[in-house]
Amino acid sequence: MGLTDITTRIAKAAKDADRDPSHITLIAVSKVQPNERVEAILKEDHRSFGENRVQEAAGKWPAFREAYDGVDLHLIGPLQSNKARQAFELFDVIHTLDRPKLANTFARLAQEMGHCPPLFIQVNTGEEPQKAGIDPADTDAFVQECRALDLPIHGLMCIPPVDETPSLHFALLHKLANRNGLSQLSMGMSDDFEQAIAFGATHIRVGSALFGERVPPAE
Ligand SMILES: *Cc1c(COP(=O)(O)O)cnc(C)c1O
């Protein structure tokens with residue numbers, strides 16, 4: 001698959017759902033991909049990318065930003081509080097606000113640094129014990145809490161359980177976002193982004209379908 005194929009599939013899924021494809025951001029998930037592959041996509045004029053580790057992003061994105069204007073970098077992996085400052089410096093958008101402690105850290109940093117990137121709250125839609133995120137039942141209260149801290153909450157994000165129908169999770173995330181007045185939804189990956197678009201995704205996170213299998217393989 002290449003960028004053109006993915007873009008075509010996005011356009012088709014948007015059309016089927018009666019949606020404007022320009023309202024859907026393709027985040028090219030470049031984690032663990034060799035720099036040549038990332039650069040190839042940059043050369044095709046794509047600018048939105050996702051990384052799941054602060055350290056890895058710090059190693060490759062400052063140079064890419066020097067070479068290419070308008071890079072839009074999204075953090076899509078779990079964030080330790082002690083790396084929050086670095087994440088604020090490196091990323092344009094953070095998709096993984098997943099706990100109250102991190103919200104407090106963000107609020108403090110926002111004060112101190114005078115800016116805060118747009119944020120998505122990660123919801124653990126499958127209520128999986130090993131997975132990060134706010135439980136669906138706690139989401140309304142957490143959105144309130146973040147707003148009270150003046151954090152720029154733009155939307156919700158989820159990673160559905162691998163063994164369940166993703167659509168159920170996309171529908172749940174959509175509903176939670178709607179009732180909290182949030183318009184952006186970060187959901188859908190290589191295997192299910194078309195379904196995510198049908199349920200209102202505004203940000204899809206696509207790695208392997210775009211770049212090929214990750215080397216070394218994903219965890
Ligand atoms: C790796 C990753 C993706 C991309 O996964 P693919 O299946 O390769 O498209 C999307 N979202 C998150 C949070 C990821 O960690």
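The values are calculated or read from the model by the stated rules, or taken from the named source; none is laboratory data. All values derive from a computational prediction rather than experimental measurement. A quick note on method: Cβ atoms are made from the backbone with ideal geometry, for glycine too, and the neighbour counts reach across all protein chains shown. Keep in mind that these areas ignore ligands, DNA and RNA; they rest on the heavy atoms of the full protein, side chains included. Shrake-Rupley method; radii C 1.70, N 1.55, O 1.52, S 1.80 Å.
Annotations for the structure displayed:
- Distance in nm between pseudo-label sites at Ser22 and Ala67 (7 Å out along the Cβ direction from Cα): 3.0
- Relative contact order (percent, whole number), the chain, Cα cutoff 8 Å, 6+ residue spacing: 23
- Distance between the range 151-219 and the range 49-127 - C-alpha centres, whole angstrom: 17
- Heavy-atom surface of the range 3-211, accessible at 1.4 Å and reported per residue (Å²): 45
- Between the listed residues Gln33, His23, Phe49, the Cα displaced farthest toward the positive end of the dipole of the range 1-77, a dipole computed from Cβ unit charges relative to the Cα centre, is found at Gln33.
- The helix-only estimate of mean residue ellipticity at 222 nm for the chain, built from DSSP H runs of length n ≥ 4 each weighted as -39500 (n - 2.57), is -12500 deg cm²/dmol after division by the residue total.
- Sum of side-chain charges, Asp98 neighbourhood, beta-carbon under 14 Å (Lys, Arg +1; Asp, Glu -1): -1
- Globularity index of the chain, i.e. its alpha-carbon radius of gyration over 2.2 N^0.38 Å: 0.97
- Additional length obtainable on full extension of the chain from Asp150 to Glu56, 0.36 nm per residue less Cα span: 30.9 nm
- Residue pairs, from the table Lys31/Lys60; Lys12/Lys175; Lys31/Lys83; Lys60/Lys131; Lys60/Lys83, whose Cα atoms sit over 22 Å apart: Lys12/Lys175; Lys60/Lys131
- Cβ-Cβ FRET estimate between Arg108 and Ser190, R0 fixed at 30 Å, reported to 0.05: 0.25
- Size of electric dipole in the range 78-219: Cβ of Lys, Arg +1 and of Asp, Glu -1, about Cα centre, debye, nearest 20: 440
- Sequence ranges 91-100, 44-53, ranked by mean other-Cβ count within 10 angstrom, highest first: 91-100, 44-53
- Top of Val162, Val38, Val206 by mean-square fluctuation, Gaussian network on the chain, Cα under 10 Å: Val162
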